[in-house]
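Derivation of every value follows stated rules applied to the coordinates shown; laboratory data play no part. All of these numbers come straight from a predicted model, not from anything done at the bench. For neighbour counting, all protein chains shown are included, and Cβ atoms are generated from backbone atoms with ideal geometry for every residue, glycine included.
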Amino acid sequence: MKRELLFISIFSLGLISAQQKVEKKEAIKGDSAQTVSVKKYHPNFTIGIDVLHLGAIPFGNQKMIQGYISTRFRDKIHLVADIGFDKNKYQKNGYDAEADGFFIKAGALYMMASDPENHDNGFYVGGKLAASLYNQTYHSVPIRWIQGQDSYTSFPKSSQSAYWIEAAIGGRIQLQGTRIFIDAQVQPKYLMYTTKQEEIVPMIIPGFGKNANKFKLGFMWSVAYQF
């Protein structure tokens, strides 16, 4: 009888120990799954096109087409990349120049204030690094001589590049019942570096602006679709 009681006791202790190990493993798996679910990134993309400059193409010298793609990386942080093509002319103060080329920007946006029911709606601030690779042609460049007389010269087409930083201040709102967003953005820009042809400061930088000025203010009014 004593042997049977001893056997039952040992068997019961073994079952209890095994059950505790199983529960401990399940708890660890549950914690790991919870941790993974918090850190896991779910692909989401918003693609937009700037309709402000697109609509202005027939009415001026500037022919700009630009768009962007963004993704919500964290709760309030969105990664964004812009790409575009710009063609423009500068005819002022004796200069007659034209330039065309591609530009690209990359950066991040932070949602300052968002809709509690839709975190993609709201106001944001951010920053981008930008670069432009383009071709320029000087049909006329003024040259002032010591006697005060002006003459003009020209330079052939050349390849140039420019780099700048810009801030992004704007807001976006989703049209009710759709995946379409309206996005408006103001872009203060500062030119960091540019190549020069014959030491002449560029009159046009695609994606940045016109005139030999390091500070510019850009605008973008876009219609976007969220996937």
### Summary
Scoring the range 41-226 by relative contact order with C-alpha pairs under 8 Å, at least six apart, yields a percentage of 21 percent
### Backbone N within the range 176-197 under 12 Å of label point (7 Å from Asn213 Cα along the Cβ vector)
189
### In Hz, Karplus ³J(HN,Hα) per residue of the range 169-185 (6.51, -1.76, 1.60; θ = phi - 60°; x = Gly, Pro)
10, x, x, 9, 9, 8, 5, 4, x, 9, 9, 9, 10, 10, 10, 10, 9
### Query
So, in nm, how far is label Ile104 from label Ser158 when the simple model puts each one 7 Å beyond its Cα toward the Cβ?
2.5 nm
### Summary
Length gained, Gln149-Asn93, 0.36 nm per residue minus C-alpha separation, equals 18.7 nm
### Task
Run the quick spin-label model on Met112 and Ala167: label points 7 Å from Cα toward the beta carbon, then report their separation in nm to one decimal.
0.9 nm
### Summary
Using alpha-carbon positions, the gyration tensor of the range 124-227 gives root eigenvalues a ≥ b ≥ c; with a/c under 1.5 called rounded, otherwise prolate if a/b exceeds b/c, else oblate, the class is prolate
### Message
Show me the chymotrypsin sites (Phe, Trp or Tyr not before Pro) within the range 67-145 that DSSP assigns to loop and that have at most 15 other Cβ atoms within 10 Å of their Cβ.
### Response
Phe73, Trp145
### Summary
Using alpha carbon centers only, the range 80-145 is separated from the range 191-213 by a whole-angstrom value of 12 Å
### Query
Using θ = phi - 60° and the Karplus curve 6.51 cos²θ - 1.76 cosθ + 1.60, what whole-Hz ³J(HN,Hα) does each residue of the range 195-204 get, with Gly and Pro shown as x?
7, 10, 9, 6, 6, 9, 5, x, 7, 9
